[in-house]
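No lab work stands behind these numbers, since they all come straight from the coordinates. These numbers come from a predicted model, not from an experiment. No Cβ is skipped: glycine too gets one built from the backbone with ideal geometry, and neighbour counts run over all protein chains shown.
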Amino acid sequence: MFSLLIEILATFFMVTKEIIVAICFVFVPPPEKSVDGEIVLVTGAGSGIGQLMCLEFAKRGAIIVAWDINNEGNQTTASLVRENNGIIYTYTCDVSDNIEVHRTANQVKKDVGDVTILINNAGIVTGKPFLQCSENELLKTMAVNVYSHFWTLKNFLPAMVQRNHGHIVTIASLAGLIGASGLVDYCTSKFANVGFAESLGLELMKDNKDGIHTTIVCPYLIHTGMFEGFTNRFDMLFPTLSPEYAASRIVKAVLTNQRLLVMPRTGYLTTAVRVLLPVAAVERLTKFTGGLECMEGFVGRQKMK
Ligand SMILES: NC(=O)c1ccc[n+]([C@@H]2O[C@H](COP(=O)([O-])OP(=O)(O)OC[C@H]3O[C@@H](n4cnc5c(N)ncnc54)[C@H](O)[C@@H]3O)[C@@H](O)[C@H]2O)c1
């Protein structure tokens, strides 16, 4: 009984401390760690925020390992990094294919060494209502957006665990915290990203691996082209993010070991509202904010090409 009381008091103290620290970090920027010499693997490095994150990490002295299914985009990333005197290794890899991920990961270990910062960023979106998605499209969305995280972690986490050193970054989405019409397959995959990363963080905590950090990233709309045609009815409240801002904010979250990054900040409020209000009320608000029709004008990247 006495030990339970001590445990309750200690937990209360730690929870209060963490809340105070989090509030302080809103006003005083937290210290940033060095990534000089760290081996940073970015999947989906050939365009969008993946490309920009490679540049940001390279400028800070990290060794970049860039994976993408699109070799042309990856080579553009390599040129940009090298123009900035960065070090980069590029690999063409379909992250949805576990055999290809294992093979490429072994090659990276031989060529560069053990990855210490893993950024699971590659992602796709069909942009179709559920019944219009073929079974292959549904499977592909899950394979690229979710299963790829299993395969990369299976290959790179063991060395991090052995050294108790590393950082795992999961690029999810605000669509991983709240549902959206026209994005059933995408939301399924992004909710899975959040569940995966959150649970993995707890397993690392259980095993006392405090040297391995996790960051879950949940951005709203980013102007990369992936969601071309998406209607953003309340741009004032939920501004579309520039790719440069999104990438630099993610890198900053890694440097400060931030556990969860929701962008823009109004996304935190939306998430709280979602769990606090009755479902019917949330649905009304979603309708009002244009959440039912937002994908009607979607063209995305594939159709753009
Ligand atoms: N753009 C947005 O509005 C937005 C919002 C929230 C979250 N996100 C997420 O951010 C991440 C990056 O998105 P982006 O906007 O930079 O998109 P993007 O289309 O510019 O980049 C995605 C990259 O992933 C690569 N890729 C796709 N399938 C692959 C595969 N099977 N194997 C390896 N690489 C593959 C593509 O070639 C591309 O280079 C995605 O996970 C996306 O879901 C994007």
**Computed E for Arg301/Phe13 - FRET, C-beta separation, R0 41 angstrom, nearest 0.05** = 0.25
**Request:** Could you tell me the largest-minus-smallest coordinate of the C-alpha atoms of the chain on each of the three principal axes, in descending order and whole angstroms?
**Result:** 54, 53, 36
**Request:** Would you mind getting me the FRET efficiency between Phe288 and Glu228? Use the beta-carbon distance for r and R0 = 30 Å, nearest 0.05.
**Result:** 0.80
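Would you compute, from DSSP H runs of 4+ residues alone, the mean residue ellipticity of the chain at 222 nm, taking -39500 (n - 2.57) per run and dividing by the full residue count, rounded to the nearest 500?
Values: 11 runs with 151 residues, N = 305.
After summing the helix terms and dividing by residue count, I get -16000 deg cm²/dmol.
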**Asked** Tell me, what ³J(HN,Hα) does each residue in segment 287-296 have, in order and in whole Hz, if you take phi through Karplus 6.51 cos²θ - 1.76 cosθ + 1.60 with θ = phi - 60° and put x for Gly and Pro?
**Response** 4, 4, 7, x, x, 8, 9, 4, 9, 5
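Could you give the length gained by full extension between Asn208 and Leu131, i.e. 0.36 nm per residue of separation minus their alpha carbon distance, to one decimal place?
Working: separation 77, 0.36 × 77 = 27.72 nm, distance 4.45 nm.
Difference between extended and current length: 23.3 nm.
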**Fill in**
Check: C-alpha center segment 45-73 vs C-alpha center segment 238-280, spacing in Å is 22
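Take peptides 222-229, 42-49, 97-104 and line them up by average Cβ neighbours within 10 Å, highest first, as a rough protection proxy. Spell out each step's value before the answer.
Details: 222-229: 18.4, 42-49: 26.6, 97-104: 16.6.
Descending packing order for the listed peptides: 42-49, 222-229, 97-104.
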**Asked** What list of ³J(HN,Hα) couplings, whole Hz, do you get for segment 212-225 from phi and the Karplus terms 6.51, -1.76, 1.60, once you set θ to phi - 60° and write x for glycine and proline?
**Response** 10, 9, 10, 10, 9, 10, 10, x, 7, 5, 10, 7, 9, x
**Request:** Sequence neighbours fewer than 8 away in the same chain don't count; with that in mind, list the lysines whose C-alpha is under 29 Å from Lys209.
**Result:** Lys17, Lys33, Lys59, Lys109, Lys110, Lys154, Lys190, Lys252
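Quick one: length gained pulling Ala280 to Gln75 fully straight, 0.36 nm per residue minus the C-alpha distance?
Working: separation 205, 0.36 × 205 = 73.80 nm, distance 4.84 nm.
The span from Ala280 to Gln75 would gain 69.0 nm if fully extended.
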**Prompt:** Tally Lys and Arg at +1 and Asp and Glu at -1 over the other residues with C-beta under 15 Å from the C-beta of Val251: what net charge comes out?
**Reply:** 0
